Amino acid sequence: MAIVIVGAGLAGGTAATELREHGYDGRVVLIGAEEHPPYERPPLSKGYLLGNDPLDVAFVHPREWYADHDVELRLGVRATAVDVSARVVRTTAGEESFDALLLATGAEPRRLALAEETGVPTAYLRTIEDSDRLKAAFGAGRRIVIVGAGWIGLEAAAAARAAGSDVTVFETAELPLLRVLGPTVAGMFAGLHREHGVDLRLGTSVTAADLAAADLVVAGVGVSPRVELASEAGLAVEDGVLVDARLRTSSPSVFAVGDIANHDHPVLGRRIRVEHWDTAINQAKVAAHNLAGGDELYEAMPYFFTDQYDLGMEYVGHGGADDEVVVHGDLEGRVFRAFWMREGRVVAAMHANDWDATDDLRAAVASGELPTG
Ligand SMILES: Cc1cc2nc3c(=O)[nH]c(=O)nc-3n(C[C@H](O)[C@H](O)[C@H](O)COP(=O)(O)OP(=O)(O)OC[C@H]3O[C@@H](n4cnc5c(N)ncnc54)[C@H](O)[C@@H]3O)c2cc1C
């Protein structure tokens, strides 16, 4: 039996690992458009971009692991079409037959046409090469304009400031991360960046004139799931590839995980598509079992983390900007736990700089009960 994985990113690499670690001994073919073996992206906007960590920390395994574990790694190869009924993937290097297929094609940055049209050097942050480009551009006195105060924009801003750049961030919302975190915690992030010298322009649509004097514009305006293969193959697609609670697409022999998967979450009782590291890893593990004939549900709550300056945070659950937020601890001092409440129940929780909190936060989200402060 042959399992083909399209997309050699974190999810694809993790699925191949899980198959081998759990004794699957059929063929595993891992097809990746990039020249690098699977790697994690968080260091690209944190330790690696800051110059604190070597690139090695990002790789899922050293390159030789794949041959040593009989994983047929095809790098620099793009899958161009999937024929679901013939069970064949066509690629730029030929074709691969499969018994079961995993799609893990991830997401790509949305382009910022305004910046590209002005002719100012414009960068995105998704790949190792992107991170290298930013690292080379950041430095004392460099004028860096960042468009979008989401996770990528804020982490890039922190790295640019650490390198001594002059940093201006434009964001159309009234606060950074407002849509994800709501005003209480989003306000904390605004204060954090202003204290570190970022010129944060909120509630502002960037114009060509704002970009004109920049040495580099970094566009962090979100990503789009790469769904073309799936939709052209006739699979059901709607804001990502639709998968059931077991991560199976509308075709029984095809699964999808990671940034592209719009998952029917059995605990939340609704569909969510999550663009986070933890989801890529843990969905890949469940899908690997199901690809090899298992029958597992994916039930984990979304989890993510960020590091910016001296602030580290972890978040678990699925809150929204309209939920009531209860804070335990010192919001101003940035050592606290926060709980997102909906109809009297905890739906999400995070901590800032309180690293013993993680298990308690997970328990609060699982039970729905607000801990005593
Ligand atoms: C700079 C950065 C920092 C981040 N930091 C955090 C963080 O702190 N915390 C957190 O939770 N999450 C973070 N994330 C998000 C996290 O990295 C993603 O959720 C994760 O990478 C998703 O994994 P994936 O395997 O689904 O997709 P990807 O990592 O995008 O991998 C997909 C791979 O598939 C390949 N591919 C696509 N189409 C084809 C094709 N047709 N044929 C062959 N190959 C193809 C792509 O080239 C790519 O290599 C960060 C992301 C970035 C970019």
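The values are calculated or read from the model by the stated rules, or taken from the named source; none is laboratory data. Keep in mind it's a predicted model, so treat the numbers as computed, not measured. As a convention, Cβ positions derive from the backbone with ideal geometry for all residues, glycine included, and neighbour counts pool all protein chains shown.
Points to keep in mind about this one:
- Test: Glu296 is charged (D, E, K, R), farther than 20 Å from Pro38 by Cα and either at pLDDT 95 or above or more than 15 Å from the chain's Cα centre (by Cα) (or both): yes
- Breaking point among (1) assigned to a helix (DSSP H, G or I); (2) under 18 Å from the mean Cα position of the chain (by Cα); (3) over 20 Å from Val180 (Cβ atoms), for Asp259: (3)
- Pairs where the first residue, in region 61-78, is farther than 16 Å from Leu10 by Cβ and the second is acidic (Asp, Glu) and not in a loop (DSSP other than H, G, I, E, B), C-beta under 9 Å, 6+ apart: His69/Glu21; Glu72/Glu96; Arg74/Glu96
- Qualifying residue in region 79-90 (condition: assigned to a strand (DSSP E or B) and basic (Lys, Arg)): yes
- When region 32-54 is limited to residues that are surrounded by 20 or more Cβ atoms within 10 Å (Cβ to Cβ) and of a type in the set (A, V, I, L, M), the one that is farthest from the ligand (Cβ to nearest atom) turns out to be Leu49.
- Exactly one residue out of Val286, Val346 is assigned by TED's automatic domain parsing to the domain that holds Glu18 and in contact (Cβ under 8 Å) with a residue 24 or more places away in the chain, and it is Val286.
- The number of residues in region 60-83 that are surrounded by fewer than 18 Cβ atoms within 10 Å (Cβ to Cβ) and over 18 Å from Pro37 (Cβ atoms) comes to 3.
- Members of region 283-296 found to be within 15 Å of the ligand (Cβ to nearest atom) and either surrounded by fewer than 20 Cβ atoms within 10 Å (Cβ to Cβ) or under 18 Å from Glu232 (Cα atoms) (or both), listed by number: none
- Contact map, region 24-40: first residue acidic (Asp, Glu) and at pLDDT 95 or above, second residue more than 8 Å from the ligand (Cβ to nearest atom) and assigned to a loop (DSSP other than H, G, I, E, B), Cβ cut-off under 8 Å, separation 6 or more or different chains; pairs are Glu34/Gly76; Glu35/Gly76; Glu40/Val60.
- Scan of region 255-265 for residues that are in contact with a Leu (Cβ under 8 Å, 6 or more places away or on another chain) and buried (at least 24 other Cβ atoms within 10 Å of the Cβ), ordered by number: Phe255, Ala256, Val257, Gly258, Ile260, Ala261, His263
- Out of Glu18, Glu35, sole residue that is of a type in the set (Asp, Glu) and either touching a Cys at 6+ places or on another chain (Cβ under 7 Å) or in a helix (DSSP H, G or I) (or both): Glu18
- Among the residues listed as Glu129, Glu155, the single one being within 13 Å of the ligand (Cβ to nearest atom), within 20 Å of the chain's Cα centre (by Cα) and without any contact (Cβ under 8 Å) to a residue 24 or more places away in the chain: Glu129
- The sole residue among Leu175, Leu192 that is assigned by TED's automatic domain parsing to the domain that holds Leu211, on the phi < 0 side of the Ramachandran plot, at pLDDT 95 or above and surrounded by 22 or more Cβ atoms within 10 Å (Cβ to Cβ) is Leu175.
- Restricting attention to region 274-316, the residues being more than 20 Å from Phe59 (Cβ to Cβ) and in a strand (DSSP E or B) number 10.
- Selected residue (criterion: surrounded by the fewest Cβ atoms within 10 Å (Cβ to Cβ)) from residues of region 266-281 that are more than 8 Å from the ligand (Cβ to nearest atom) and over 12 Å from Gly317 (Cα atoms): Gly269
- Residue count for region 322-340, restricted to those that are buried (at least 17 other Cβ atoms within 10 Å of the Cβ), under 21 Å from Leu268 (Cβ atoms) and of a type in the set (A, V, I, L, M): 2
- Residue in region 102-124 that is more than 27 Å from Asp310 (Cβ to Cβ), within 12 Å of the ligand (Cβ to nearest atom) and free of Cβ contacts under 8 Å to residues at least 60 places away in the same chain present: no
- Of residues in region 301-338 being at positive phi and more than 19 Å from the chain's Cα centre (by Cα), the one farthest from the ligand (Cβ to nearest atom): Gly329
- Among the strands (runs of 3 or more DSSP E) confined to region 91-181, the ones with at least 1 residues that are within 30 Å of Asp322 (Cα to Cα) are located at 107-109, 143-147, 166-171.
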